[in-house]
Amino acid sequence: VDELSRSNNDMKNLLNSTELATLFLDGELRVRRFTTQTSRIIKLIPGDTGRAITDIATDLEYPALADDAREVLRTLIFHEETVPTRNDRWFDVKILPYRTLENVIDGVVITFTDVTATKVLEERLRQQAAELRQMTDALPTLVWASRADGSCDHLSRGWLEYTGVGETEQLGHGWLDQVHPDDRERLRDAWRAAVRDGSPLDADARIRGKEGAYRWFKTRAVPIRDERGTVVKWYGTHSDVDELKRAALAAQGRSKEPGSER
């Protein structure tokens, strides 16, 4: 019975059917074979078989490709890098040692995966995050944001200026340290319940300013959900309600005095 064929034509047809851009180089970094998709990235034609990869034009902005391939041959450790092209595409390039059936290193195999869409989305999200930060810094209220698990990952400039404490110290759950000790557990419990249930937070608490004095703030937060309804982010505000709160507390105190019901 004939064994399963691994001849070059069979392998070429198999690789071409995957639509994965793949390039095989021998130990001297000469072109051994490649899929048709690779020719859209590196200017390869069938007659280039046997040519050094350094002699072939490419759209990739990856001058270290040959050096990285040599390093993979030397160390037998794969190398991965995301690189742009001259026509504004991005590719994830993986270089791996190529082993024969006899387990002999016989060159490298390089795969190219188009990640342009991911890169464009990442850049758009970075721009949106920068715009959001600028917007929140301009708002009169103190703005904060947290991850889905309730861990704070952004505090507006207004919050940092009010508390006088660095952002690094307040990320995670460190911002709760600025809450009055008598209000801290109540606010923490309310926040935990909101995160657990995915429901909006609406609470008030005294928050310490950089001068050491406490003022009353109304704390509100809402969950942001993805298309499946899963909470992916929280955005919240702290609004200064100190004068209203103190007036309400004073009125409440007066209503409890004897004769105040008349």
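The values are calculated or read from the model by the stated rules, or taken from the named source; none is laboratory data. In this text, all values refer to a predicted model and were calculated from it rather than measured experimentally. All Cβ positions, even for glycine, are placed from backbone atoms using ideal geometry, and neighbour counts span all protein chains on display. These accessible areas exclude ligands, DNA and RNA; they are computed on the full protein's heavy atoms, side chains included. Shrake-Rupley method; radii C 1.70, N 1.55, O 1.52, S 1.80 Å.
Look through segment 136-147, keep the residues that are surrounded by fewer than 15 Cβ atoms within 10 Å (Cβ to Cβ) and in a helix (DSSP H, G or I), and return whichever of them is modelled with the lowest pLDDT.
Residues of segment 136-147 that are surrounded by fewer than 15 Cβ atoms within 10 Å (Cβ to Cβ), as a first pass: 137-140.
Add one more test, that the residue is in a helix (DSSP H, G or I), and what stays is 137-138.
Values: Asp137: 67, Ala138: 63.
Filtering segment 136-147 for residues that are surrounded by fewer than 15 Cβ atoms within 10 Å (Cβ to Cβ) and in a helix (DSSP H, G or I), the one modelled with the lowest pLDDT comes out as Ala138.
Considering segment 87-105, and only residues there that are surrounded by 17 or more Cβ atoms within 10 Å (Cβ to Cβ) and not basic (Lys, Arg), the residue that is farthest from Arg74 (Cα to Cα) turns out to be Trp90.
For segment 179-198, filtering for residues that are open to solvent by 10 Å² or more (accessible area, probe 1.4 Å), more than 22 Å from Ile224 (Cβ to Cβ) and in contact (Cβ under 8 Å) with a residue 24 or more places away in the chain leaves 2.
The number of residues in segment 82-100 being among the basic types (Lys, Arg) and closer than 13 Å to Ala21 by Cβ comes to 2.
So that you can scan it fast, the table gives a plain yes or no per residue for (1) more than 30 Å from Gln178 (Cα to Cα); (2) hydrophobic (A, V, I, L, M, F, W, C); (3) out of contact with any helix residue (DSSP H, G or I) (no Cβ under 9 Å at 6 or more places or on another chain); (4) part of a loop (DSSP other than H, G, I, E, B):
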| site | (1), (2), (3), (4) |
| --- | --- |
| Leu96 | yes, yes, no, no |
| Gly107 | yes, no, no, no |
| Gln127 | yes, no, yes, no |
| Ala130 | no, yes, yes, no |
| Gln134 | no, no, yes, no |
| Asp149 | no, no, no, yes |
| Trp159 | no, yes, no, no |
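Here Asp92 qualifies as at pLDDT 95 or above and of a type outside the set (Val, Ile, Thr).
Out of segment 40-57, which residues are among the acidic types (Asp, Glu) and open to solvent by 80 Å² or more (accessible area, probe 1.4 Å)? Show your work before the answer.
At the first step, the residues of segment 40-57 found to be among the acidic types (Asp, Glu) are 48, 55.
The one that is among the acidic types (Asp, Glu) and open to solvent by 80 Å² or more (accessible area, probe 1.4 Å): Asp55.
Taking Asp59, is it of a type outside the set (A, V, I, L, M, F, W, C), more than 21 Å from Ser7 (Cα to Cα) and modelled with pLDDT under 95? So Asp59 passes the test.
Within segment 161-176, does at least one residue satisfy the condition of being in a strand (DSSP E or B) and either open to solvent by 70 Å² or more (accessible area, probe 1.4 Å) or among the polar types (S, T, N, Q) (or both)? Explain how you work it out, then say what you get.
Within segment 161-176, the first condition is being in a strand (DSSP E or B), and the residues that meet it are 172.
When the remaining residues are screened for being either open to solvent by 70 Å² or more (accessible area, probe 1.4 Å) or among the polar types (S, T, N, Q) (or both), the result is none.
No - not one qualifying residue is present in segment 161-176.
Note on segment 201-238: residues that are open to solvent by less than 30 Å² (accessible area, probe 1.4 Å), of a type outside the set (A, V, I, L, M, F, W, C) and in a strand (DSSP E or B) total 4.
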